[in-house]
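Input: a single structure, listed below in structure tokens.
The values are calculated or read from the model by the stated rules, or taken from the named source; none is laboratory data. This structure is a prediction, so every number in the text was calculated from the model and none was measured. Positions of Cβ are backbone-derived with ideal geometry, glycine not excepted, and every protein chain shown enters the neighbour counts.
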Amino acid sequence: MRLGSPYTLSQCQSNISASPLGPRISFFLSTRPTDYLATYTGPPYEYIVLAHCIYYFATPSVLPSLITALTPHLQPNTSLCIAEWSPRPSSPSSFPHLLTALLRSTLEAHRPSPSSNNIRTVLSPSQIKNAITRISPLKLIREKTETSDEGLRDGFWEVSHVLRKRSREMERLEEAGVGEGQRTVVEAMFDSIESGVGELEGRVEGVRSMDFWVGVFGLV
């Protein structure tokens, strides 16, 4: 079971809680990770997993803040495991998803305050690696980039959503006083996404999710 239509967050949590690992898992939905770590008094972590969550961060500064909060809880055998989208389309059908992610991050940067949208911060694997190794003793141990499974629907969801919001987003930028040059770039990105969908016979359903990157960091 994966979060997203037709499954809600509560349904996914219930499924996890009912699994063999359920008794060992706790959910802290109303607590910011950095606040939780500031009061954490348990043993050091063996594994820390960030799975497709960085794009949800309100701003790029959230990742280094989280890594800084995690650092006191590391031990020699701690592994930080990260999986996130990679801005590398392996096929023309995944190009609209990549463009949409970059566009959504650009639109977010022009908001006076963070929204609750899915994609708000796009960081490349290089940016993620630099953010972690620059401020912590963690070093990259191994990494790889893989092609997303054809059944993964994130690309379709994100592209469909952003194209439906095109007119409103352009109006919002003008109302916010964003300059003509920047609005022109955003409009061109919308055009590029629609052009990419057009290459798929105009079927948004044909959009494939972009590749994903995985990296493992440790104290070496």
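Quick grid of which residues meet (1) surrounded by 15 or more Cβ atoms within 10 Å (Cβ to Cβ); (2) more than 22 Å from the chain's Cα centre (by Cα); (3) not hydrophobic (A, V, I, L, M, F, W, C):
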site	(1), (2), (3)
Arg164	no, no, yes
Ser167	no, yes, yes
Glu171	no, yes, yes
Glu180	no, yes, yes
Val186	yes, no, no
Asp191	no, yes, yes
Glu199	no, yes, yes
Gly202	no, yes, yes
* Please state which of the following conditions Glu143 fails to meet, knowing it meets all the rest: (1) over 18 Å from the mean Cα position of the chain (by Cα); (2) over 24 Å from Val185 (Cα atoms). => (1)
* Asked: Pick from the stretch 5-25 the residues that are exposed (fewer than 10 other Cβ atoms within 10 Å of the Cβ) and within 24 Å of Glu84 (Cβ to Cβ): which of them is modelled with the lowest pLDDT?
  -> Ser5
* Structure fact -> For the stretch 148-159, pairs from a residue that is assigned to a loop (DSSP other than H, G, I, E, B) to a residue that is among the aromatic types (Phe, Trp, Tyr), with Cβ under 6 Å and 6 or more apart or across chains, are Ser148/Phe212
* So which pairs qualify, if the first residue must be in the stretch 24-50 and under 13 Å from Thr78 (Cβ atoms), the second must be at pLDDT below 90, the Cβ gap must be under 9 Å, and the two must be at least 6 apart or on different chains? -> none
* Structure fact -> Within the stretch 14-34, the residues that are small (Gly, Ala, Ser) and assigned to a helix (DSSP H, G or I) are Ser14, Ser17, Gly22
* Structure fact -> Picked from the stretch 35-76 (must be in a helix (DSSP H, G or I) and polar (S, T, N, Q)), the residue surrounded by the fewest Cβ atoms within 10 Å (Cβ to Cβ) is Thr39
* Asked: Considering the stretch 77-105 alone, what residues qualify as being in a loop (DSSP other than H, G, I, E, B) and within 30 Å of Ala188 (Cβ to Cβ)?
  -> Ser86, Pro87, Arg88, Pro89, Ser90, Ser91
